[in-house]
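The values are calculated or read from the model by the stated rules, or taken from the named source; none is laboratory data. Predicted model only: the values in this text are computed from it and were never measured. Cβ placement follows ideal geometry from the backbone for every residue including glycine, while neighbour counts extend to all protein chains displayed. Surface areas here come from the heavy atoms of the whole protein model, side chains and all, with no ligands, DNA or RNA. Shrake-Rupley method; radii C 1.70, N 1.55, O 1.52, S 1.80 Å.
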Amino acid sequence: MARDTRRHLVRRYHGNGLPEGGAERVTCPAGGTRRSGADCSSQQASRSRGARREALCCRSRIRTAARWKLRPRWPRPLPSHRRAGVTSFRGGGSAAVRRPVIGREGRRCGVGAARRGGRRKRRMAAGAQLVAVALLLLAGVGPRLAPAELTDGNSEHLKREHSLMKPYQGAGSAAMPLWDFQGSTMVTSQYVRLTPDERSREGSIWNRVPCFLKDWELHVHFKIHGAGKKNLHGDGLALWYTQERLVPGPVFGSRDNFHGLAIFLDTYPNDEATERVFPYISAMVNNGSLTYDHSKDGRWTELAGCTAEIRNQNHDTFLAVRYSRGRLTVMTDVEDKNEWKNCIDIAGVQLPTGYFFGASAGTGDLSDNHDIISMKLFQLMVEHPLEDDTVDWTKIEPSVSLLKSPKDNVDDPTGNFRSGPLTGWKVFLLLLCALLGIIVCAVVGAVVFQKRQERNKRFY
């Protein structure tokens, strides 16, 4: 077809097939009259030059179309944002598509390849960010509670009417504002000593103002020390949130069959067959019907507990008790690391309002100094369901919703419930498996997507 078109053009622009120098009469396009070849030679020469230029241009188009016709076309129309490097030729009624070219050397550009490379880099960056976030989350998960979960000691939430801090008002006298003490308790400028390092002593200190907060957190700075060697010291210290106050008794210097919450810091093992390591911290909730068994170190009525080195430390020792929305949490900071370590975490605890905070200690045949340096109570700003507004929290009974009765714990040598410290490890392992699963799925998905993109790249 290209050869026929060329023959047609030659015939058209060379005088309909007549020789160029002929003397025959032709029709002159300019005048429209018949003249000799010599009369219209100037017009014919001008016409021949224009015809040659048009013929050369047409031949060039035909050769270009024939040359590019042999190359494969794009498999599908390009989107509008990728048509910058595509040129269409209209010659002989047909169109030819040329591949995009950049640069004087005529090297093929990879407009599409560059875009795909950019997408691949962005996907790799997104995958790296996902892995980094997963590692950060994994580093923040564990059985320990972060200090950020506790109150930072903001004075706006500190309840001074329930707090004991330096300087102690009324130090050295028989009375203190907002606080009452009894027994062997002695108030100095540096600490409140519940019992000295002497045998058969009992002492306690109690807040005068009942607490009507639904959610609170108590920070206790204490010190237990003495001259006794290993297992030759006792008995321990107790923190209270109970209905009764200033009632002496056999449970670390306070009464038995109490109503409320008790946190025991026991330093002497009365049960010789126990497998626990002392000192030992435990929690107990009582509605007045339970009795603390000293011979078993309270194992029958214990909710949960942990071992903590709280005696004869050269640094400060702290204990935090947190109660919020039915959850009781006890944490320690006794390793001089300035961080809280989880000890007890129990859900389903019901504590009424209007009870009193206090601390007591007792000694028997063995003794220790039991000192309280400060007790700070913070209010927690927590939202409650609307139905909680209709409940009279002063009349509810202290209780715990457990999977088993506290008395069933007598057969458990470790003394831990399912809601004790082991639960933190179970949660940690579950979250670890979940994060690893997410990371594996993300990596596999990225690899599959990249392979699919490379396979589709071959058709471009």
Sequence ranges 272-284, 385-397, 319-331, ranked by mean other-Cβ count within 10 angstrom, highest first = 319-331, 272-284, 385-397
Can you tell me how much longer the chain between Glu309 and Asp365 gets when fully stretched, taken as 0.36 nm per residue apart minus their C-alpha distance, in nm with one decimal?
-> 18.0 nm
Would you mind calculating the gained length between Gln450 and Lys426 on full extension (0.36 nm times residue separation, minus the Cα-Cα distance), in nm to one decimal?
-> 5.0 nm
Between Ala442 and Met165, how many nm apart are label points set 7 Å from Cα along the C-beta direction?
-> 4.3
Amide H neighbours of Gly226 at under 5 Å, excluding residues fewer than 5 places away on the same chain, with H built from the backbone geometry, are Asn312, Asn369
How do the peptides 232-242, 429-439 rank, highest first, by the average count of neighbouring beta carbon atoms within 10 Å per residue?
-> 232-242, 429-439
Rounded if a/c under 1.5, otherwise prolate or oblate - the range 223-357, Cα gyration tensor axes | oblate
Once Lys and Arg are counted +1 and Asp and Glu -1 for all other residues with Cβ under 10 Å from that of Ser367, the total becomes -3
Residues of the range 343-365 with amide nitrogen under 20 Å from the 7 Å Cα-to-Cβ point of Asn287?
-> 346-356
Take the Cβ-Cβ distance between Lys230 and His157 as r, set R0 to 51 Å, and report the resulting FRET efficiency rounded to the nearest 0.05.
-> 0.80
Roughly to the nearest percent, how much of the accessible area of the range 157-400 is carbon and sulfur, given a 1.4 Å probe?
-> 48
